[in-house]
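The values are calculated or read from the model by the stated rules, or taken from the named source; none is laboratory data. It should be emphasised that the depicted structure is a prediction, and the values quoted were computed from it without experimental measurement. Neighbour counts run over all protein chains shown; Cβ positions are idealised from the backbone, glycine included.
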Amino acid sequence: MRILVVEDDRKVARFIQTGLEQEGHAVDVLNEGSGASEQACAIDYDVVVLDLMLPGRSGYQVLRDIRGRKAEIAVLILTAKDSVDDRVTGLDGGADDYVVKPFTLAELSARLRALLRRGRPHEVTLRLADLELDTVRRTVRRAGKAIDLKPKEYSLLEFLMQHTDRPLTRSLIIEHVWDIHFDSISNVVEVHINSLRNKIDRGFGIPLIHTVRGVGYMLTAAPP
């Protein structure tokens with residue numbers, strides 16, 4: 001999942017970013033409202049986590065801009081404003097969920113996963129041949145055998161499984177699995193692809209992860 005966190009409290013922002021990145025998500029952070037809607041609409045985020053009391057532009061203004069320009073993106077408001085009127089205003093203004101501070105990272109993460117399922121209800125379990133990925137439990141099995149993946153390996157496989165039979169460029173993979181500060185010169189994509197191949201393909205009958213020469217990688221049951 002690729003997430004934009006708009007939060008002016010840098011300590012809270014770091015806490016969210018660190019926790020979600022440890023789960024394998026790609027997380028970008030902005031500490032003010034100015035430019036937030038532009039970035040949210042320019043990059044293919046799955047979810048925006050949005051504070052309401054922001055310098056530059058308020059969260060309500062950012063939310064209104066996002067809804068006017070990119071209605072399909074999920075927005076979760078995370079704020080200290082806890083009155084019923086505040087919740088109603090936020091939800092009526094276009095937010096998909098509303099979480100009040102203080103909060104636990106476990107609940108925030110669960111709500112983000114729920115938002116993603118709500119947007120793609122048919123993709124709770126992703127399947128290709130004998131490979132299954134459960135997006136709720138974050139588990140992977142092939143031919144009935146449980147496969148243990150590290151967080152980034154899981155995120156990479158999930159992205160590949162969301163685009164089966166489609167060649168994905170290295171830059172597209174980086175954009176969705178790593179954050180905007182990622183060093184594009186690094187060979188970390190190749191390292192993670194090789195690691196996935198060792199876990200997903202080695203010892204099984206049909207290889208599913210393929211290199212598309214001159215393009216990138218593709219997850220398919222049929223060789224490209």
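For the residues A106, A129, the requirement of being small (G, A, S) and not assigned by TED's automatic domain parsing to the domain that holds I16 singles out A129. Checked against the criterion of being at pLDDT 90 or above and either over 23 Å from F15 (Cα atoms) or in the same structural domain as L30 (by TED's automatic domain parsing) (or both), the candidates A114, A143 yield just one match: A143. Of all the listed residues (V62, V124, V100), the sole one being more than 29 Å from L219 (Cβ to Cβ), of a type in the set (V, I, T) and without any contact (Cβ under 8 Å) to a residue 40 or more places away in the chain is V100.
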